[in-house]
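Have a look at the structure below before the remarks.
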Amino acid sequence: MISGKRILLIIGGGIAAYKCLELIRRLRDQGAAVTPVLTQAAQEFVTPLSVAALAGQKPYTHLFDLTDEAEMGHIELSRASDLVVVAPATANLMAKMAGGHADDLASTLLMATDKPVLIAPAMNVRMWEHPATQRNLAQLLGDGIRSVGPNEGSMACGEFGLGRMAEPDEIVSAIAAQFAEGPLAGRHVLITSGPTHEPIDPVRYIANRSSGAQGAALAAACRDLGARVSFVTGPASVPPPHGVDVIKVETAAQMAKAVTEALPADAAIFAAAVADWRVDNAANQKIKKSGDGALPRLSFAENPDILASVAQMKKGRPTLVVGFAAETENLVDHAQAKLARKGCDWIVANDVSPETGIMGGAYNAVTLITRTGADPWPRLSKSETAARLALRVAEALGQA
Ligand code: C5P
């Protein structure tokens, strides 16, 4: 898929720039041509010589370089590729992009290009979490720019958290997703997945047994059909797939907010096992055992029903809204009632009685409930179930 593609790789000035050498090698191994561009700051981290050696061509570095301009002007350079990749996308580069600055070669190319752009952010965790960066990210995503990473982990600066640039193989899969062809190409699919954790105090929480396996499989299946996937996941035990936009959350309230921010979407699939209630008297400090045997009393508040609120949106509702129903009895009746109550288009119903081994297991046996009937599917692996559902989604959007 990547073979024969031309990638304009803009290398930003961050310590993660060293990973770009490996990225260039992998892209060229797969038959892509890489035209590198180094910002001024990037040259402090990797040398033009090493980039040139791996890319097989000299990197561009200056906006007003008469030799380069005579050979290929910056406008042409910004268009003579199939995809522009920015890695590492530093806080500064993201801010420039979001603000439409064009004061050096990299930012000018990004303004002048008419090609899709993929960014791989990398920065210190505080800089990543800063409202300005999050605002810029939302702006860039809203402008149709795709993003891969960042990942959580320890950083060169000694801190730990979100901000490590995605690994070269993750960036390669995100690039492959850009070139994916398939019935969902050009579509945006939003998927929720995993459990939510509802805090009781800073160290305890209420959770459920969802592994997030079905949601992760669905995200991969939609990606493989060419969709851009926003994957909003609670603390799942199965890692999110590569090549999708991962938004990690913990509580139902955070999931609801992340879903709103990820919209609009062509289809939204709600595979998360969202906690129905949160503890509304959660303590700010760890609750201590009292000496006299008195027990803590928890009081609960209902969580927002994310599926129902999206399904009932008056403006900007996704064309297709799909819910899941995990039941332990009267599967079809309960699921049909849920479809009507929540206002979604389909419900994927499964029997999660402990003897089925579905919750946390590798297999699933679902019944697809639509407004016109109930279609029981055979027992299939969660990835086969996902592939089948993704195809049905593609069919439904194709008819829309
Ligand atoms: O009402 P119930 O929890 O059985 O509904 C399950 C469906 O609703 C799932 O698709 C789940 O992701 C979604 N849901 C939600 N927000 C909630 C509760 C459930 O999106 N607070």
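The values are calculated or read from the model by the stated rules, or taken from the named source; none is laboratory data. Quick caveat: nothing in here was measured; it's all calculated off a predicted structure. Methodologically, a virtual Cβ is constructed for each residue, glycine included, from the backbone with ideal geometry; neighbour enumeration extends over all protein chains shown. Heavy atoms of the whole protein, side chains included, go into the accessibility calculation; ligands, DNA and RNA do not. Shrake-Rupley method; radii C 1.70, N 1.55, O 1.52, S 1.80 Å.
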Sort through V366, V310 and tell me the only one that's within 16 Å of the ligand (Cβ to nearest atom), under 27 Å from the mean Cα position of the chain (by Cα) and at pLDDT below 95.
-> V366
When every residue in the range 318-348 that is modelled with pLDDT under 95 and in a strand (DSSP E or B) is compared, the one surrounded by the most Cβ atoms within 10 Å (Cβ to Cβ) is A325
Residue that is nearest to the chain's Cα centre (by Cα), among those in the range 241-255 that are more than 13 Å from the ligand (Cβ to nearest atom) and in a loop (DSSP other than H, G, I, E, B) = V244
Tell me the helices (runs of 4 or more DSSP H) entirely within the range 1-84 that contain at least 3 residues that are open to solvent by 60 Å² or more (accessible area, probe 1.4 Å).
-> 19-29, 66-71, 74-79
Please go through the range 102-120 and pick out each residue that is part of a helix (DSSP H, G or I), closer than 16 Å to E76 by Cβ and not hydrophobic (A, V, I, L, M, F, W, C).
-> T108
State yes or no: is K248 open to solvent by 70 Å² or more (accessible area, probe 1.4 Å), closer than 22 Å to R209 by Cα and among the basic types (K, R)?
-> yes
Of all residues in the range 297-317 being touching an Asp or Glu at 6+ places or on another chain (Cβ under 9 Å) and surrounded by 10 or more Cβ atoms within 10 Å (Cβ to Cβ), which is farthest from W346 (Cα to Cα)?
-> L298
Could you tell me whether H101 is over 29 Å from N151 (Cβ atoms) and either outside the structural domain of I10 (by TED's automatic domain parsing) or without any contact (Cβ under 8 Å) to a residue 60 or more places away in the chain (or both)?
-> no
The listed residue being basic (K, R), surrounded by 14 or more Cβ atoms within 10 Å (Cβ to Cβ) and modelled with pLDDT under 95, out of K289, K382 | K382
